[in-house]
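Visitor: Starting off with a structure, shown below.
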Amino acid sequence: MKKIVGTTTTYKGSEFGFMKNLKVRIVAILRSDVDPDSEDAFVKDDQHLARLGGVKPNDRIEVQPWIEKEGRFSWVTSDPKATDLACFKQLAQNK
């Protein structure tokens, strides 16, 4: 499986208007198909994600948006749908 956590991609959705077409860094995956209290609900490394079968279309992805004028990623995160990130566009087609 390719590297997911730490990957930089582009936000293509409309739910978080301030991030439209911004570069974002993936911090974690919030699994939609498990008990929210399970240790598998919040995935922060690629090996754990691989054991769970990778990213699913209904998962949320915790991301840090890029702050251009400061030349860094924000310390504040957002959790868009996986299908709203450019690197997961194929998931939207399989949904």
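The values are calculated or read from the model by the stated rules, or taken from the named source; none is laboratory data. No experiment lies behind these values; they were computed from the predicted model shown. Counting neighbours? That spans all protein chains shown, and the Cβs are built from the backbone with ideal geometry, glycine included. Accessible surface areas use protein heavy atoms only, side chains included; no ligands, DNA or RNA. Shrake-Rupley method; radii C 1.70, N 1.55, O 1.52, S 1.80 Å.
Visitor: With n ≥ 4 as the cut-off for DSSP H runs, can you work out [θ] at 222 nm for the chain, using -39500 (n - 2.57) per run divided by the number of residues, rounded to the nearest 500?
Guide: Working: 2 runs with 12 residues, N = 95.
Result for the chain: -3000 deg cm²/dmol, rounded to the nearest 500.
Visitor: Let me ask you something else. Which of Arg60, Arg25, Arg72 moves most in a GNM of the chain, Cα contacts under 10 Å?
Guide: Among Arg60, Arg25, Arg72, the largest mean-square fluctuation in the Gaussian network model of the chain belongs to Arg72.
Visitor: Here is a further query. By its C-alpha gyration tensor, with a ≥ b ≥ c as the square roots of the eigenvalues, how is segment 41-95 shaped: rounded for a/c under 1.5, else prolate for a/b larger than b/c, else oblate? Write down the numbers at each step before the final one.
Guide: Details: a/c = 2.57, a/b = 1.55, b/c = 1.66.
In terms of gyration-tensor shape, oblate.
Visitor: Leaving out ligands and nucleic acids, and using a 1.4 Å probe, what accessible area per residue does the chain come to in Å²?
Guide: Values: 5670 Å² over 95 residues.
Result: 60 Å² per residue.
Visitor: Sticking with this structure for a sec: Using the Cα centre of segment 1-53 as the reference point, and only Cβ charges (+1 on K/R, -1 on D/E), how large is the resulting charge dipole? Debye, rounded to the nearest 20.
Guide: Numbers: 9 positive and 8 negative charges, 110 e Å.
So the magnitude is around 520 debye.
Visitor: Under 17 Å from a point placed 7 Å out from the Cα of Ser38 along the Cα-to-Cβ direction: which residues of segment 54-69 have their backbone N that close?
Guide: Of the residues in segment 54-69, 54-61 have backbone N under 17 Å from the label point off Ser38.
Visitor: Further question: Using label points projected 7 Å from each Cα along Cα→Cβ, tell me how many nm separate Lys69 and Lys2, to one decimal.
Guide: Here the answer is 3.3 nm between the modelled labels.
Visitor: Please give the solvent-accessible surface of Ser78 in Å², to the nearest 10, using a probe radius of 1.4 Å with every protein chain present.
Guide: 20 Å²
Visitor: About its Cα centre, what dipole magnitude does the chain give when the only charges are +1 on Lys and Arg Cβ and -1 on Asp and Glu Cβ, stated in debye to the nearest 20?
Guide: 540 debye
Visitor: While we're here: With the full set of protein chains in place, find how many percent of the accessible area of the chain is carbon and sulfur; take the probe as 1.4 Å. Display every interim value, and only then the final one.
Guide: On the way: 2770 of 5670 Å².
Carbon and sulfur atoms account for 49 percent of the accessible area of the chain.
Visitor: Kirkwood hydrodynamic radius for the chain: how many Å is it when counted over pairs of different Cα atoms?
Guide: 13.4 Å
Visitor: Using only the heavy atoms of the protein chains and a 1.4 Å probe, how would Thr77, Thr83 rank by accessible area, largest first?
Guide: Ranked from most to least accessible, the order is Thr77, Thr83.
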